[in-house]
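In what follows, a single structure is set out as structure tokens and then discussed.
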Amino acid sequence: MMRAAIVRRTAPATASPLELADLPVPEPGPGELLLRVRACAVCRTDLQIAEGDLPARRLPIVPGHQAVGEVVALGPGTEGWRVGDRAGVAWLGWTCGACRFCTSGRENLCPDARFTGWDRDGGFGEYLVADARFALRLPAGFDDLAAAPLLCGGVIGYRSLLRSGIRPGERLGLFGFGASATLAIQVAVHWGCRVFVFTRSPEEQERARRLGAEWAGGYGEAGPEPLDAAVTFAPVGSVVIEALRRLERGGTVAINAIHLDRVPEFSYDWLWLERSICSVANFTRRDAAEFLALAAEIPIRTEFDVFPLERANDALRALAEGRVRGAAVLSLSD
């Protein structure tokens, strides 16, 4: 048996939606890995699944899609991995490989894609089964706790930068400064971008400056210059409009969120002159490989607060209340 934190029914974070349970250790099927989970970072998407903002695909479910673990068993026909290897398991858990999106380098848009912690049991438990083709090789320079936040916040933040079209020397706005933004800013600074951060929290503003932001202030502040591109991290539609209002002509706002409350009505004048808004949907394995190599090259620094599995509800509440320094990470190691 193994211990896991599961969502049996959705509820607000204040009502402790995660339930500690004893579950059978899963067995890997053909082409699958069984991992002994060492660490799993907690994402806002986990919070949205637990609270019901993101409709559950199935219940009960073990959340968690930023898992780092040791391969302890291989399913029949599994290739490319050995028992004892370290592996990461992220949000993209499976795709069909045959649709027009998969065959054109856009597997993140596969209509039949399955996601870790939403369709498949995730990393809020002592063991995890993953499709070996979607398990990730992790940089040696990161220990388990430090590597876990890279697997969603890092990878999706990297894809968001690509989607925004930002180029070296240009002015980038980051709106919200949680776990994903603290990793994205390090990539942007490494690329030579000028970074401006908008966030309510004075502590986050100061952290942004320490990580290389040229300027940091509140959502209501104009900022020193128009932005060539922006990425929004806050799951609030009004923040998307705040970013659009600060955008230079021809610029793009990339929305790093799987769920927004709503996008309010806005003047077409803010979109005129070929400004654009785009969503960021999942990521590809190529995105993950590129980002993890870059994380080792920079090297990226991760900041995190550690919680034992038994305090997974505390981690969700801390995330909901904005009390997490960087990322929240569940430690499952002995």
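The values are calculated or read from the model by the stated rules, or taken from the named source; none is laboratory data. On a predicted model such as this, the values are computed, not experimentally measured, just so you know. Cβ: placed from backbone, ideal geometry, glycine included. Neighbour counts: every protein chain shown.
Residues that are of a type in the set (Ser, Thr, Tyr), in contact with a Cys (Cβ under 7 Å, 6 or more places away or on another chain) and modelled with pLDDT of 95 or more: does region 233-253 have at least one? Looking for residues that are of a type in the set (Ser, Thr, Tyr), in contact with a Cys (Cβ under 7 Å, 6 or more places away or on another chain) and modelled with pLDDT of 95 or more, one finds at least one in region 233-253, hence yes. Within region 1-37, restricting attention to residues that are β-branched (Val, Ile, Thr) and more than 21 Å from residue 132 (Cβ to Cβ), the residue that is farthest from the chain's Cα centre (by Cα) is 14.
No other residue among 164, 160 is in the same structural domain as residue 228 (by TED's automatic domain parsing), crowded, with 19+ Cβ neighbours inside 10 Å, of a type in the set (Gly, Ala, Ser) and within 16 Å of the chain's Cα centre (by Cα) apart from 160.
Rundown of residues vs (1) crowded, with 24+ Cβ neighbours inside 10 Å; (2) closer than 16 Å to residue 125 by Cα; (3) in the same structural domain as residue 182 (by TED's automatic domain parsing), yes/no style:
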site: 14; (1), (2), (3): no, no, no
site: 19; (1), (2), (3): no, yes, no
site: 25; (1), (2), (3): no, yes, no
site: 33; (1), (2), (3): yes, yes, no
site: 38; (1), (2), (3): no, yes, no
site: 72; (1), (2), (3): no, yes, no
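How many residues are more than 17 Å from residue 188 (Cβ to Cβ) and either in contact (Cβ under 8 Å) with a residue 60 or more places away in the chain or buried (at least 17 other Cβ atoms within 10 Å of the Cβ) (or both) when one looks only at region 207-218? Walk me through how you get there before you give the answer.
We begin by selecting, within region 207-218, every residue more than 17 Å from residue 188 (Cβ to Cβ); these are 217-218.
Then keep just the ones that are either in contact (Cβ under 8 Å) with a residue 60 or more places away in the chain or buried (at least 17 other Cβ atoms within 10 Å of the Cβ) (or both); that gives 217.
Residues in region 207-218 being more than 17 Å from residue 188 (Cβ to Cβ) and either in contact (Cβ under 8 Å) with a residue 60 or more places away in the chain or buried (at least 17 other Cβ atoms within 10 Å of the Cβ) (or both): 1 in total.
With respect to the conditions (1) touching a Leu at 6+ places or on another chain (Cβ under 9 Å); (2) touching a residue at least 12 places away in the same chain (Cβ under 8 Å), residue 101 falls short on a single one, namely (2). The residue pairs whose first member lies in region 314-334 and is crowded, with 24+ Cβ neighbours inside 10 Å, whose second member is part of a loop (DSSP other than H, G, I, E, B) and among the aliphatic types (A, V, I, L, M), and whose beta carbons are closer than 8 Å, counting only pairs six or more residues apart or on different chains, are 315/324.
Evaluating residue 311 against the criteria (1) of a type in the set (Lys, Arg); (2) under 22 Å from residue 116 (Cβ atoms); (3) at pLDDT below 95 leaves one unmet condition, (3).
All of (1) hydrophobic (A, V, I, L, M, F, W, C); (2) in contact with a strand residue (DSSP E or B) (Cβ under 7 Å, 6 or more places away or on another chain); (3) not assigned by TED's automatic domain parsing to the domain that holds residue 111 hold for residue 236 with one exception: (2).
Residues are listed down the side, and each one gets a yes or a no for (1) in contact with a Pro (Cβ under 8 Å, 6 or more places away or on another chain); (2) assigned by TED's automatic domain parsing to the domain that holds residue 255:
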{"site": "268", "(1), (2)": "no, yes"}
{"site": "272", "(1), (2)": "no, yes"}
{"site": "275", "(1), (2)": "no, yes"}
{"site": "293", "(1), (2)": "yes, no"}
{"site": "296", "(1), (2)": "yes, no"}
{"site": "307", "(1), (2)": "no, no"}
{"site": "311", "(1), (2)": "no, no"}
{"site": "318", "(1), (2)": "no, no"}
{"site": "321", "(1), (2)": "no, no"}
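It is to be established whether one or more residues within region 72-80 are out of contact with any Ser or Thr (no Cβ under 6 Å at 6 or more places or on another chain) and under 20 Å from residue 21 (Cα atoms). For region 72-80, residues out of contact with any Ser or Thr (no Cβ under 6 Å at 6 or more places or on another chain) and under 20 Å from residue 21 (Cα atoms): absent. Counting only helices (runs of 4 or more DSSP H) that sit completely within region 220-334, those holding 3 or more residues that are over 26 Å from residue 102 (Cα atoms) correspond to 237-245, 312-320.
What helices (runs of 4 or more DSSP H) lie completely within region 132-211 and have 1 or more residues being over 18 Å from residue 329 (Cβ atoms) and in contact with a Cys (Cβ under 6 Å, 6 or more places away or on another chain)? Spell out the reasoning first.
Details: elements: 144-147, 153-164, 179-190, 202-210.
Ranges flagged: 153-164.
So which of 35, 47, 59 is touching a residue at least 24 places away in the same chain (Cβ under 8 Å) and closer than 19 Å to residue 324 by Cα? Give the derivation first.
Details: 35 fails: closer than 19 Å to residue 324 by Cα; 59 fails: closer than 19 Å to residue 324 by Cα.
Only one candidate passes the filter, namely 47.
Between 125, 141, 153, the distinction of being over 13 Å from residue 282 (Cβ atoms), small (Gly, Ala, Ser) and modelled with pLDDT of 95 or more belongs to 125 only.
If you scan region 219-239, which residues turn out to be free of Cβ contacts under 8 Å to residues at least 40 places away in the same chain and in contact with a Lys or Arg (Cβ under 6 Å, 6 or more places away or on another chain)? Can you show your working first?
Within region 219-239, the first condition is being free of Cβ contacts under 8 Å to residues at least 40 places away in the same chain, and the residues that meet it are 220-222, 224, 236-238.
The one that is free of Cβ contacts under 8 Å to residues at least 40 places away in the same chain and in contact with a Lys or Arg (Cβ under 6 Å, 6 or more places away or on another chain): 237.
With respect to (1) in contact with a Gly (Cβ under 7 Å, 6 or more places away or on another chain); (2) at pLDDT 95 or above; (3) among the aliphatic types (A, V, I, L, M), the lone exception for residue 294 is condition (1). Somewhere in region 162-169, is a residue within 23 Å of residue 55 (Cβ to Cβ) and of a type in the set (S, T, N, Q)? So far as region 162-169 goes, no, none of its residues is within 23 Å of residue 55 (Cβ to Cβ) and of a type in the set (S, T, N, Q).
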